[in-house]
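Undergrad: I am attaching a structure below and will ask some questions about it afterwards.
The values are calculated or read from the model by the stated rules, or taken from the named source; none is laboratory data. All values derive from a computational prediction rather than experimental measurement. Because the Cβ atoms are built from the backbone with ideal geometry, glycine has one as well, and the counts that use them run over all protein chains shown.
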Amino acid sequence: MSSQKIKVDSKSLQKLLKLYKQDKISLKKVLTFISQLPYKKLKHSIIDLHRGLRKGIPEIVYCEGKTLTQLVDILNELYNYHNFVIGTRLDKSKYDMIKHKLPQSHTYYETARIIHIGKNVKRKVGNILILTAGTSDIPVAEEAAVLCELLGNRVRRIYDIGVAGIHRINEVFPYINKAKVIIVVAGMDGVLPSVIGGIAKSPVIAVPTSVGYGANFKGLSALLTMLNSCAAGVVVVNIDNGFSAGYVANLINKI
């Protein structure tokens, strides 16, 4: 039994040890598998194979800035070990050039710029609410939403309810108290998270976006507004960082 035929997670490790206990595999094979758990060196990268055991989620690949060869090698190698891979910030043009070199069991989410290789998690739990101030904020929100869904969370999206038309927030009221965690994505003046934070009893994760005119400073003004929120329960991630918002929301939702 080779290490590449066993998923690197706690259940698979337990299965491996049971097989050894039942004398169905050798001690040498067990030691070989365990010795390869921490990481694997490729020509250009060192992939973390132990992260699924440490954190419950395998390493997620940040695709931006990587060459086509690097992407193909890293995504395929992680799939060999986990049968479940997520890559973020993968532009459509790059995806089109590598899709034929990846396992067929993959899905590309163009708006979110996310690739997922492996089976989908069928059972969704909890309740994550994702809001945007404007339509232009949707790509960042989708990065968070798709990630949450792929990690097994139930997600509701309500987009384009910014304070420029504050009456639109009426649509959100029925869902705010049902949510275990809320992600609010906004550019421009970045005020919406404070409004939601003043209403919601659940944690609010604010995501500033680079959407806006010159004095927006590519999202810096929205970031500072959110950091200075007077609403209790609002925390802030980096500009355009839908990934971090989705990852943290997943952790909160599953507590």
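Undergrad: Could you check, for the stretch 209-230, whether at least one of its residues is assigned to a strand (DSSP E or B) and aliphatic (A, V, I, L, M)?
TA: no
Every residue, every condition in (1) modelled with pLDDT of 95 or more; (2) of a type outside the set (A, V, I, L, M), yes or no:
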{"residue": "108", "(1), (2)": "yes, yes"}
{"residue": "116", "(1), (2)": "yes, yes"}
{"residue": "119", "(1), (2)": "no, yes"}
{"residue": "125", "(1), (2)": "no, no"}
{"residue": "128", "(1), (2)": "yes, no"}
{"residue": "136", "(1), (2)": "yes, yes"}
{"residue": "140", "(1), (2)": "yes, no"}
{"residue": "144", "(1), (2)": "yes, no"}
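Undergrad: Mind checking which residues of the stretch 192-208 are of a type in the set (A, V, I, L, M, F, W, C), more than 14 Å from residue 178 (Cβ to Cβ) and more than 18 Å from the chain's Cα centre (by Cα)?
TA: 192, 195
Undergrad: Out of all the residues in the stretch 49-62, is one or more at pLDDT 85 or above, surrounded by 14 or more Cβ atoms within 10 Å (Cβ to Cβ) and touching a Phe, Trp or Tyr at 6+ places or on another chain (Cβ under 9 Å)?
TA: yes
Undergrad: Test residue 117 against the stated conditions and say whether it is touching a residue at least 24 places away in the same chain (Cβ under 8 Å), aliphatic (A, V, I, L, M) and surrounded by fewer than 23 Cβ atoms within 10 Å (Cβ to Cβ).
TA: When the stated conditions are applied, residue 117 passes them.
Undergrad: While we're on this one: If I go through the stretch 65-89 residue by residue, how many of them are touching a Cys at 6+ places or on another chain (Cβ under 7 Å) and not basic (Lys, Arg)?
TA: 3
Undergrad: Residue 173 passes all but one of (1) over 23 Å from residue 123 (Cα atoms); (2) surrounded by 15 or more Cβ atoms within 10 Å (Cβ to Cβ); (3) modelled with pLDDT under 95; which number fails?
TA: Just one mismatch for residue 173, condition (2).
Undergrad: Return the residue satisfying two criteria in turn: it lies in the stretch 149-170 and is of a type in the set (A, V, I, L, M, F, W, C) and over 30 Å from residue 118 (Cα atoms), and of such residues it is surrounded by the most Cβ atoms within 10 Å (Cβ to Cβ).
TA: Checked the stretch 149-170; the qualifying residue surrounded by the most Cβ atoms within 10 Å (Cβ to Cβ) is 161.
Undergrad: Considering only residues that are within 21 Å of residue 121 (Cα to Cα) and crowded, with 20+ Cβ neighbours inside 10 Å, which ones fall in the stretch 63-83?
TA: Passing the criteria: 75, 78, 81, 82.
Undergrad: Just checking: which of the strands (runs of 3 or more DSSP E) contained wholly in the stretch 24-113 hold 1 or more residues that are charged (D, E, K, R)?
TA: 39-41, 46-48
Undergrad: Looking at 229, 244, can you tell me which residue is surrounded by 15 or more Cβ atoms within 10 Å (Cβ to Cβ), closer than 20 Å to residue 161 by Cβ and of a type in the set (Gly, Ala, Ser)?
TA: Going through 229, 244 in turn, just one is surrounded by 15 or more Cβ atoms within 10 Å (Cβ to Cβ), closer than 20 Å to residue 161 by Cβ and of a type in the set (Gly, Ala, Ser): 229.
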